[in-house]
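The values are calculated or read from the model by the stated rules, or taken from the named source; none is laboratory data. All of these numbers come straight from a predicted model, not from anything done at the bench. Note that we place each Cβ from the backbone using ideal geometry, even for glycine, and neighbour counts take in every protein chain shown. With ligands, DNA and RNA removed, areas are computed over all heavy atoms of the protein, side chains included. Shrake-Rupley method; radii C 1.70, N 1.55, O 1.52, S 1.80 Å.
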Amino acid sequence: MGLLNVTGIVVKIDLLILIGFSVLSWTIIMFKFFQIYKANADSERFMDFFWKSKRFDAIASQVDRFNSSPLTMLFNEGYGELGKFMEGRGKADTSILSTDLGGIENVSRALRRATNSEITRLEKYTTFLATTGSTSPFIGLFGTVWGIMTAFEGIGKTGSASLAVVAPGIAEALIATAIGLVAAIPAVMAYNHFQHKIRVLIKDMDSFSTEFLNIVQRNVAGK
Amino acid sequence: MNARQDTHDSGLGVSFIISTVIHLVVFLLLLWWGQLFPPIMAVQETYYVDVVNLPVANPRAGSPIQKGNDAETPPPPPAPEPPLSMPPPPQPNARGRAATARKSEKTEKRDTSGDAAFAERMAKLENKAASQQEEATLEQLRKKLKATGSGRAGMPAGSGSETGSDYTAYVQSRLKDALNQTNDYDSNNPMVYVHLYIGTDGKVIRQKLEQSTGDKRFELAVQRAIEKAGDKLVPPPNHKVFEGRFRFRPKEVSRSKP
């Protein structure tokens, strides 16, 4: 810690930026960890409940129990669009065929929109992790280069190049790279982990959309 | 949908607080670690020792040894240990023994005062033997000192008897050692006065023959001695040119005031 006291102002600012990056990236890591963990858990429970239930209205009444799952958002959007379609179908019986096709497409579009919305929500803030992972080492390196420049300037002034004179300056400078790596490594690891989890959730949402549309089409065609 | 996102993002503030606390804890841990194991970064001071002007423990050994002399002189041989027990008193011969026996027979008849006189004589003999032994040891040491006294020119193990506590004495000692090796003269008592200038690098930069008895052979011997000694002189103290006047005699080099 004594190293921090003797570093120059540029290196200190550099270190503050890196510490800020680290604090924010860990904030996002924790937030995303709990968000994705809860989304996965609620999605599994919701799918169980979905397949066990016989009616959409029964599911719609219980959907708030699985609030963290992105699939509930899809279900709400699809079910809402389906309700609008059913209302429209009751008013105009003369154009059943054309209205049926248009209604299913509307539900499909609503599901696609909800999927995109959920992907955006799940991926929110993860770009900051990528930014931290890619830029922190360079910011740290900048601090190191600056620190070594200052150290060599000091060596030039003292006129001595012994290890006792050179080593402290380089040690001060290298702490910036060390903190840059400390900030970057967890950020990169977390980013890759979250990307994998989000891809799995996107696949689940695609599967659920397909299943929902199948069910809707079967029921509409059957009537 | 926006309302839902807001609900979900509310955990961000809690995460930020936790993250800040974790970073503070890590920082405090590092502080504690640094206090527990302080980094050793103290710059060690360099001390320079003026070995030329250093007082010499043993003046007979000449000036202190300078680094750079590749050939190290062996340490002086240890003094022979004195005998642990005194030598036995000289044994009297057979006739003496018989006489002593007869005397002892007589003395047996005498009173005890005779025993005291005998003990006194024995003590005197023992003292004499001890002093002889000590004298012999000292003589042996003197001979060894004379034998090892002629060291190489410019080396501190020379036979110089000067204390070597100043640069003049050091130069004088080296010149004397060198002169012992180059000594040569025609006349009975040649004498030469030379003014020497030794540069900051320890080399003889100038020598001036100021006075001479006229013995050319001795003058040449002195010149060779100066050349020989001047090869390995240590630089004068304080980075100044040394200047001194020396008087050369066949077995003596002494300082001389101008």
| request: For residues that are open to solvent by less than 80 Å² (accessible area, probe 1.4 Å), hydroxyl-bearing (Ser, Thr, Tyr) and more than 13 Å from chain B (Cβ to nearest Cβ), tally how many sit in region A:127-165. | output: 6
| said: Tell me whether region A:183-191 contains one or more residues that are away from chain B (no Cβ under 14 Å), at pLDDT 95 or above, open to solvent by less than 20 Å² (accessible area, probe 1.4 Å) and in a helix (DSSP H, G or I). | reply: yes
| query | In this structure, does residue A:178 turn out to be within 14 Å of chain B (Cβ to nearest Cβ) and at pLDDT below 90? | reply | no
| request: Could you check how many residues of region B:201-254 are open to solvent by 50 Å² or more (accessible area, probe 1.4 Å), among the acidic types (Asp, Glu) and not in a helix (DSSP H, G or I)? | output: 5
| query | Given the conditions (1) outside any helix (DSSP H, G or I); (2) open to solvent by 40 Å² or more (accessible area, probe 1.4 Å); (3) within 14 Å of another protein chain (Cβ to nearest Cβ), which single one is not true for residue A:16? | reply | (1)
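Rundown of residues vs (1) more than 9 Å from every other protein chain (Cβ to nearest Cβ); (2) open to solvent by less than 40 Å² (accessible area, probe 1.4 Å); (3) in a loop (DSSP other than H, G, I, E, B), yes/no style:
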| residue | (1), (2), (3) |
| --- | --- |
| A:25 | no, yes, no |
| A:30 | no, yes, no |
| A:36 | yes, yes, no |
| A:47 | yes, no, no |
| A:54 | yes, no, yes |
| A:63 | yes, yes, no |
| A:71 | yes, yes, no |
| A:75 | yes, yes, no |
| A:79 | yes, no, no |
| For the subset of region B:13-35 comprising residues that are at the interface with chain A (Cβ under 7 Å from one of its Cβ atoms) and open to solvent by 40 Å² or more (accessible area, probe 1.4 Å), which member is farthest from residue A:27 (Cα to Cα)? | B:31
| note | All conditions in (1) acidic (Asp, Glu); (2) open to solvent by 50 Å² or more (accessible area, probe 1.4 Å); (3) under 23 Å from residue A:21 (Cα atoms) are true of residue A:172 except (2)
| note | Scanning region A:90-119 for residues that are under 19 Å from residue A:214 (Cβ atoms), modelled with pLDDT of 60 or more, away from chain B (no Cβ under 14 Å) and open to solvent by less than 90 Å² (accessible area, probe 1.4 Å) gives A:102, A:103, A:104, A:106, A:107, A:108
